[in-house]
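Dropping the structure in here first, questions after.
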Amino acid sequence: MEKQVSSKPRLKFTDKTVVITGSGTGIGQAIARKFAENGANIIIMGRRKEPLDQTAGILEEIIASSGSSGKLGVFPGVDVADEAGINSMFESIRKQFGGADIIVNNAGVSGPVRTFTNASVKEFRDTIAIHLTGTYWTSVSALGAMKRGSKIITIATFFTEENRYEQRPYRFRTPYTAAQGAKNRLAEALAWELVERDIRSVATNPGPVHSDRIYKTVYPKAAAEFLRIGGYPGLSSPEIEKVTSGALPLLGEPADVVAKGVSQVATEISISRGQMSTEENVKKLSETVAGALAKMQEIAEKIQSNTSKMIVDGEFLKQEEVADMVMNLSDDNISRLINGRVIPNDRVFYPVKPIVGTGVDGLAQPDVKGKVIVITTSSSAKKDTERVKGIAKLAHEGGAKDVIVLAHNQQDMSEYSEFHNHTIDMLDEQSVNRIFSAAKKRSSRIDSVIHLTGDYDYTTPLSSLSRKQWDALVDKFIYIPGLITKEGVNAMAPEGSIQEPAKFRDSTGAIVLVGPDAPVGKKISGLLRARADVFRGALRPYTTTVNQELSDVLGSSIRLYLVLAGNSEGLEPDNSRLCSAALNLVSGTALKRNEAIFYIDEARK
């Protein structure tokens, strides 16, 4: 009997199953279309059912017209940050498709587009959860369904690409940059960890891409934030926020829809002022609101124009071009050659100032006379308690007016009995706000905050962690430092600065984050270095973005510094150097320098 040959063409990704997160719209949909055209089984998923249904229809047409044997799987209502939902999805994929060959981590949100001092803590958490934890858990949960030779492709952003002395800031996007920086380093670490499984991990950092998110969300919201801080005649900063929430989303809608929204915002502002909402008052305020809205649009268009001028041909990437890049990275030969790399996909010439230093100039006994210093730590490790005590003692010897030690864990308080101390839940915004307010009331001001994150076990594979263990790392190395920084800066600024950003111009002070150490040992493997850099990779772009917002946007003299101990040779960190470096930064030694990130143990003695 003659063997029948399938009439279906064998396309490049025939029999391969591709899972694309955030695939209902935009770049995710473009990637799904590209793989469908090339014969793959396509798994699309996301939180909203309607766009997924529309995308499914498009993909079914592509599969039919291309003669592909590919199948389609749709998982609506699945959030990448949802542990149970992702686990259930991959169990279904394993049963229905026999597993997965390519995972594309694409899901994302713009997050809060505003200065970190005024950003919602919930939005901060949500942004980290979707971009970083969603990427992590999707990748780890997928491992049980992935075959040898599979690939994990992670999409991050060019704003977290790092050069030797540089780090790109992305103002108004602190949680976004922290998450994306960690994603790049996570992609590298997973590549090292998954070698024995023959699973490859690659990241790509697209530049600006034509998308609704960038035109309808990011640029307009950034423009609104510039206006809130810079001011607009006839409106206070809180009133400009009302325009942002009530009228800005209407840009691009028909004129009558915009006019109605403007009138509603004007009425709301009139009522908040205690005025009568007469037709004359509302009409006058509507003119002001409409003017502010037009100004936001003008600024947004200027941001877009300025960005395009940084690109050689003035053109943003098309979504299809990003999809091409992702598909090429998924090729067997290419993925083998670039496994563990972060591939730039942008053409943006983005000049930034060098901000990385190797040493902090200053004294062995820093002069902190009269300063009020708050030292916080979320670590119970002996090394970190000794560092806290070392900094506190050196501060007293340097003439500090007051030194307050705050620890996250109650059992650590006996270690700090010789200092003024408190235990505090550093995961709770109200608790942190309350303790900083109390410290400010006690000493009339706060001049500086020094926070020590501690380390994590670099010998434990990240891919082996439970979700609870991963979440604890994110809390310790991203959420807590972010909350301490935000509340510390706001405590240093004059009262009412959050509502009236112009008051930040009178603020001075310093925040010093002491991040996780580099690995220690005679021979440090690339695997350990990669694991150790995941959360250092979150804190670097976070530090850079915060400083740009403080200096260039708010005009404040408060600075954020990041101190990273340990060095590339695997030597033990010099704790005396760390203590003096932290206090020299507090004393103002580095205020006129541009460096903000210091690898203190790389300096020559």
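The values are calculated or read from the model by the stated rules, or taken from the named source; none is laboratory data. Here the structure is a predicted model, which is why all the values come from computation and not from measurement. Cβ: placed from backbone, ideal geometry, glycine included. Neighbour counts: every protein chain shown.
Of everything in the stretch 101-152 that's in a strand (DSSP E or B) and among the basic types (K, R), which residue is nearest to L483 (Cα to Cα)?
K151
Related question: Just give me the residues in the stretch 576-605 being assigned to a helix (DSSP H, G or I) and closer than 21 Å to I484 by Cβ, in sequence order.
L578, C579, A581, A582, L583, N584, L585, V586, S587, I600
All but one of (1) within 15 Å of the chain's Cα centre (by Cα); (2) hydroxyl-bearing (S, T, Y); (3) modelled with pLDDT of 95 or more hold for Y170; state the number of the condition that does not hold.
Every condition holds for Y170 apart from (3).
Looking at the stretch 52-79, I want the residues that are in contact (Cβ under 8 Å) with a residue 40 or more places away in the chain and not assigned by TED's automatic domain parsing to the domain that holds A107 and have a partner that is aromatic (F, W, Y) and outside any helix (DSSP H, G or I) with Cβ atoms under 9 Å, at least 6 apart or on another chain. Which pairs are those?
Filtered contacts from the stretch 52-79: no entries.
Ok, one more. If I filter the stretch 244-254 for residues that are assigned to a helix (DSSP H, G or I), in the same structural domain as P220 (by TED's automatic domain parsing) and over 19 Å from K221 (Cβ atoms), do I get at least one hit?
no
Condition check ((1) under 30 Å from V104 (Cα atoms); (2) touching a residue at least 24 places away in the same chain (Cβ under 8 Å)) across all residues:
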| position | (1), (2) |
| --- | --- |
| D256 | no, no |
| K260 | no, no |
| S263 | no, no |
| E268 | no, yes |
| G291 | no, yes |
| Q304 | yes, yes |
| T307 | yes, yes |
| I334 | yes, no |
| N339 | yes, yes |
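Being assigned by TED's automatic domain parsing to the domain that holds I597 and either surrounded by fewer than 24 Cβ atoms within 10 Å (Cβ to Cβ) or without any contact (Cβ under 8 Å) to a residue 40 or more places away in the chain (or both) is true for just one of L560, L513, L528. Which residue is that?
Unique residue meeting the criteria: L528.
Would you point out the residue of the stretch 381-411, among those that are in a loop (DSSP other than H, G, I, E, B) and in contact (Cβ under 8 Å) with a residue 60 or more places away in the chain, that is nearest to R593 (Cα to Cα)?
For the stretch 381-411, the residue satisfying everything is G398.
Here is a further query. Mind checking which pairs have a first residue in the stretch 343-359 that is closer than 21 Å to V209 by Cβ and modelled with pLDDT of 85 or more and a second that is polar (S, T, N, Q) and assigned to a strand (DSSP E or B), Cβ under 9 Å, 6 or more apart or different chains?
Short answer, once both residue conditions are applied: I343/T204; I343/N205; P344/T204; P344/N205; V352/Q167.
Could you look through the stretch 382-411, keep only residues that are over 16 Å from S448 (Cα atoms) and acidic (D, E), and pick out the one that is surrounded by the most Cβ atoms within 10 Å (Cβ to Cβ)?
It comes out as D384.
Still on this model: Residue by residue through the stretch 421-462, note down the ones that are part of a helix (DSSP H, G or I) and surrounded by 20 or more Cβ atoms within 10 Å (Cβ to Cβ).
V432, I435, F436, A439, L462
Kindly establish whether G98 is within 30 Å of S330 (Cβ to Cβ) and in contact (Cβ under 8 Å) with a residue 60 or more places away in the chain.
yes
Starting from residues that are among the charged types (D, E, K, R) and at pLDDT 95 or above, keep the ones in the stretch 183-219 and report whichever is surrounded by the most Cβ atoms within 10 Å (Cβ to Cβ).
K183
Hey, another quick one. Suppose the filter is modelled with pLDDT under 95 and touching a strand residue (DSSP E or B) at 6+ places or on another chain (Cβ under 8 Å); does T278 pass it?
no
All but one of (1) assigned to a loop (DSSP other than H, G, I, E, B); (2) crowded, with 20+ Cβ neighbours inside 10 Å; (3) under 27 Å from the mean Cα position of the chain (by Cα) hold for V368; state the number of the condition that does not hold.
Every listed condition holds for V368 apart from (3).
In the stretch 519-552, how many are among the small types (G, A, S), more than 23 Å from I480 (Cα to Cα) and part of a helix (DSSP H, G or I)?
1
State which residue is modelled with the highest pLDDT when the search covers only the stretch 144-165 and only residues that are out of contact with any strand residue (DSSP E or B) (no Cβ under 6 Å at 6 or more places or on another chain) and within 16 Å of D533 (Cα to Cα).
Checked the stretch 144-165; the qualifying residue modelled with the highest pLDDT is T160.
Now for a separate question. Going through V563, V520, V514, V546 one at a time, which residue ends up being within 17 Å of the chain's Cα centre (by Cα) and modelled with pLDDT of 95 or more?
Every option except V546 fails the conditions.
Can you go through S150, S92 and tell me which one is among the polar types (S, T, N, Q), more than 18 Å from the chain's Cα centre (by Cα) and buried (at least 24 other Cβ atoms within 10 Å of the Cβ)?
Unique residue meeting the criteria: S150.
Just to check your reading of the model, which residue among E602, E569 is free of Cβ contacts under 8 Å to residues at least 12 places away in the same chain, over 27 Å from K371 (Cβ atoms) and of a type in the set (D, E, K, R)?
On inspection, the qualifying residue turns out to be E569.
Filter the stretch 228-256 for residues that are over 18 Å from A300 (Cα atoms) and surrounded by fewer than 14 Cβ atoms within 10 Å (Cβ to Cβ) and give the result.
Correct list: P233, P238, P254, A255, D256.
Hey, P354 hits all of (1) surrounded by 14 or more Cβ atoms within 10 Å (Cβ to Cβ); (2) over 30 Å from L235 (Cβ atoms) but one; which does it fall short on?
That leaves (1) as the condition not met.
Taking V289 as the residue in question, decide whether it is in a helix (DSSP H, G or I), β-branched (V, I, T), closer than 23 Å to F159 by Cα and at pLDDT 95 or above.
No, not satisfied.
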